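Colleague: Can you read through this structure? Questions will come right after.
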Amino acid sequence: MMMQQGVLAHAVDRRPAASDIAIIETPRPVCPEDGVLIRLAAISLDPYVAMRLRGRHMGEPAPRPMLDAIPGHGVGQVAQSRSAHFREGDWVHTTEAGWRDFAALPDSAVRKIDMTGLDPADHLGALGMPGLTAWAAMRHRADIRAGDIVLIDAAAGAVGGAAGQIARALGAAYVAGIAGGAQKCALVQETYRFDACIDYRSEGWQEALQTTLPDGLDVHLENVSTAILQLALSRMRPYGRAVLCGLAGEYHADGPRHGIPPGLLIAKRASLMGLVVYDYYDRWAEFTQFAAPLVRAGMLKIAEDSVAGWVDAPALFERMVEGRHVGKAMVRL
């Protein structure tokens, strides 16, 4: 039997576009010994994959053109099991799904999920890697405390949006976001319930940061660039905490990146911490225990930007890489 699979059409050495991706027919895999065959229901599209396709992410090799599935987390049901830990019909999440209809994986690569009162999209968004990243950043790296003033850029994105809501759940007193355009700022304030959103596409937005946060800030989550990080640090109160989660605005830049003046960190007595979400994969159950009640209560949500089936997936991927999507990008199957 055959299935569809998304692959690189050829090797890429620049920001990938829809034309670099091909959807091909390939044989459906066989269920492995001590493993499962998963019929995938939804596949996550994430910005880091653009770097992975170029072989520039965490030392991981690029997929082989016309052979390997494009990487992606996925949610689906077990179609066949040769594992003592899973049965047919179980809902599961895996970080190794890839762009394909079926995935054959060892049971160690699969995590059983509870779908009660939830949608498959929840396990790729609020309860998926974006939510886990946001929780790790706010609870474990920034250590949100009651009364904190928090600033988050790329606030309309899945990680940024979840981070603001989690910060609020942890006791933050005020949460402000930075996003691009009126539509995204409306999402940040109306859906994610941030107290304020600064549109970086508007004139004088840097000055608006001072007006929005006249007393400064305690915590900043950086997802875009070192230039914005420096701006946030300049407004930070003494002993503030900044978490460097990503640099989406610089992933495909060929020139040198903007540096952070060490004197600024010293003057602010600030803590600057990096975050790699892979370090928290073994804490997914702990995160889910915290976040699932919030999702079911409508207190943690992420907007969805999805397509049905593979035909439009490359175009959505290109929109996501260029920052033109709104919410969590995914493919529903």
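Colleague: Provide the net charge surrounding Pro238, with neighbours chosen by a C-beta distance below 14 Å and charges set as Lys +1, Arg +1, Asp -1, Glu -1.
Modeller: Values: positive: Arg235, Arg237, Arg241, Lys268, Arg269; negative: Asp148, Asp215, Asp218.
Computed value for this residue: +2.
Colleague: Could you point to the residue in Ala17, Leu40, Val30 farthest towards the positive end of the range 5-44's charge dipole, with +1 and -1 charges on the Cβ of Lys/Arg and Asp/Glu respectively?
Modeller: Working it through, the farthest residue towards the positive pole turns out to be Ala17.
Colleague: Gain in length, Thr211 to Ala297, computed as 0.36 nm per residue apart minus the alpha-carbon separation, to one decimal in nm?
Modeller: 27.7 nm is the gain from fully extending Thr211 to Ala297.
Colleague: Using θ = phi - 60° and the Karplus relation 6.51 cos²θ - 1.76 cosθ + 1.60, list the HN-Hα couplings for the range 48-59 in order, rounded to whole Hz, with x at every Gly or Pro.
Modeller: Using θ = phi - 60°, the values come out as 4, 5, 4, 6, 4, 5, 9, x, 10, 10, 6, x Hz.
Colleague: Bin all alpha-carbon pair distances of the range 276-317 at 10 Å intervals from 0 and give each bin's fraction as a whole percent.
Modeller: Spelled out per bin, shortest first, that is 23, 27, 35, 15.
Colleague: A further question follows. Would you mind finding the longest exposed-site-free stretch of the chain, with exposed GluC sites (Glu not before Pro) meaning DSSP loop and at most 13 other Cβ atoms within 10 Å? Please list the in-between numbers first.
Modeller: Numbers: sites that count: Glu33, Glu88, Glu203, Glu322.
Segment 204-321 is the longest.
Colleague: Sum up the charges of everything whose Cβ sits under 12 Å from the Cβ of Arg100, counting Lys and Arg as +1 and Asp and Glu as -1, but leave Arg100 out. Please list the in-between numbers first.
Modeller: Working: positive: Arg28, Arg39; negative: Glu25, Asp68, Glu96, Asp101.
Once all neighbours under 12 Å are counted, the net charge is -2.
Colleague: Output the lone cysteines of the chain: those with no second cysteine's C-beta under 4.7 Å from their C-beta.
Modeller: By the Cβ distance rule, which asks for a partner under 4.7 Å, the isolated cysteines are Cys31, Cys245.
Colleague: Could you list which residues have their amide H under 5 Å from that of Asp305, counting only those 5 or more apart in sequence or on another chain, with H placed in the peptide plane?
Modeller: Amide H neighbours of Asp305: Lys328, Ala329, Met330.
Colleague: Note the count of lysine pairs whose C-alpha atoms are less than 22 angstrom apart in the chain, limited to pairs 8 or more residues apart or on different chains.
Modeller: On the way: Lys112/Lys301; Lys112/Lys328; Lys184/Lys301; Lys184/Lys328; Lys301/Lys328.
Count of close lysine pairs: 5.
Colleague: Further question on the same structure: Taking each pair of distinct Cα atoms in the range 29-165 once, what is the resulting Kirkwood hydrodynamic radius in Å? Kindly include the intermediate steps, with their values, before the conclusion.
Modeller: On the way: mean 1/r = 0.0611 Å⁻¹.
Roughly 16.4 Å, rounded to one decimal.
Colleague: For the residues Met3, Met129, what sequence is obtained by ranking on other C-beta atoms within 10 Å, fewest first?
Modeller: Numbers: Met3 16, Met129 24.
Ordered from fewest to most neighbouring Cβ atoms within 10 Å, Met3, Met129 come out as Met3, Met129.
Colleague: Starting from the Cα-Cα distance between Arg269 and Thr26, subtract it from 0.36 nm times their residue separation and give me the gain in nm to one decimal. List each step's numbers first, then the result.
Modeller: Details: separation 243, 0.36 × 243 = 87.48 nm, distance 5.58 nm.
Length difference between fully extended and current span is 81.9 nm.
Colleague: Would you mind ranking Leu244, Leu265, Leu217, Leu124 by Cβ crowding within 10 Å, fewest neighbours first? List each step's numbers first, then the result.
Modeller: Details: Leu244 18, Leu265 15, Leu217 23, Leu124 33.
If I rank by nearby Cβ atoms, fewest first, I get Leu265, Leu244, Leu217, Leu124.
Colleague: Same structure again: Dipole size in debye (nearest 20) for the chain around its Cα centre, Lys and Arg Cβ +1, Asp and Glu Cβ -1? All intermediate terms of the calculation are to be shown ahead of the outcome.
Modeller: Numbers: 33 positive and 37 negative charges, 89 e Å.
Computed about the Cα centre, the dipole is about 420 debye.
Colleague: Just report the Cα centroid separation between the range 276-299 and the range 1-62, whole Å.
Modeller: With the range 276-299 and the range 1-62 each reduced to a Cα centre, they are spaced 25 Å.
Colleague: To make sure I understand, if each residue's beta carbon is the centre and we count other beta carbons within 10 Å, what order do Thr211, Thr226 fall in, fewest to most? Don't jump to the answer; show the numbers that get you there.
Modeller: Numbers: Thr211 10, Thr226 17.
Listing Thr211, Thr226 from fewest to most nearby Cβ atoms yields Thr211, Thr226.
Colleague: Here is a further query. Using only Cα atoms, figure out Rg for the range 129-278 and give it as a multiple of 2.2 N^0.38 Å.
Modeller: Working: Rg = 13.9 Å, N = 150, 2.2 N^0.38 = 14.8 Å.
My calculation over the Cα atoms of the range 129-278 gives 0.94.
Colleague: Could you work out how far apart the two model spin labels at Ala182 and Leu67 are, taking each label as a point 7 Å from the Cα in the direction of the beta carbon, and quote it in nm?
Modeller: 5.1
Colleague: Quick one: Debye curve from the alpha-carbon atoms of the chain only, equal weights, vacuum; give me log10 I(q)/I(0) at q = 0.11, 0.16 Å⁻¹ to two decimals.
Modeller: -0.71, -1.37
Read-outs: derived from the displayed coordinates by stated rules, not from any lab. All values reported here derive from a predicted model rather than from experimental measurement. Quick reminder, even Gly has a Cβ in these numbers, built from the backbone with ideal geometry, and neighbours come from all protein chains shown.
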